[in-house]
Amino acid sequence: MNPGSRVGVRYNSPMPKRRNRIRRKKGLLVGVRIDRGDGHTRVSRGEDFLALGGTKEGHDHLREAVAEISDEVKRRGRSIAEVRREEFREILARALEKVGPAPS
């Protein structure tokens, strides 16, 4: 074997390789409706939201509200994780104005 060859020798770097990629924060908007249901389990999923529970009418309203919030965040060019608390309150108020009051 040639003394300068490294055939069959593995070299492990002391420093792990880092991938140069940008990590985006991920967020999930979760809406939960707790009312006397009709025995059905309702779950609706979107790209960045999850709506759980409720009667058919209540769940439909909840789904519309969280979808509207998600859409407004996207219109602003952001993700749920990037929205600050004050901005989220504003988005929530607008979404609830659009979908109306929750059914009883």
Self-check item: Over region 29-99, relative contact order from alpha-carbon pairs under 8 Å, at least 6 apart, %
Solution: 28 percent
Practice problem: Pull up all non-local amide H partners of Phe49: gap of 5 or more, or a different chain, and H-to-H distance under 5 Å with H placed in the peptide plane. | Solution: Leu29
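Bear in mind that the values in this text are calculations on the coordinates, not laboratory data. Predicted, not measured: the structure shown is a model, and the values here were computed from it.
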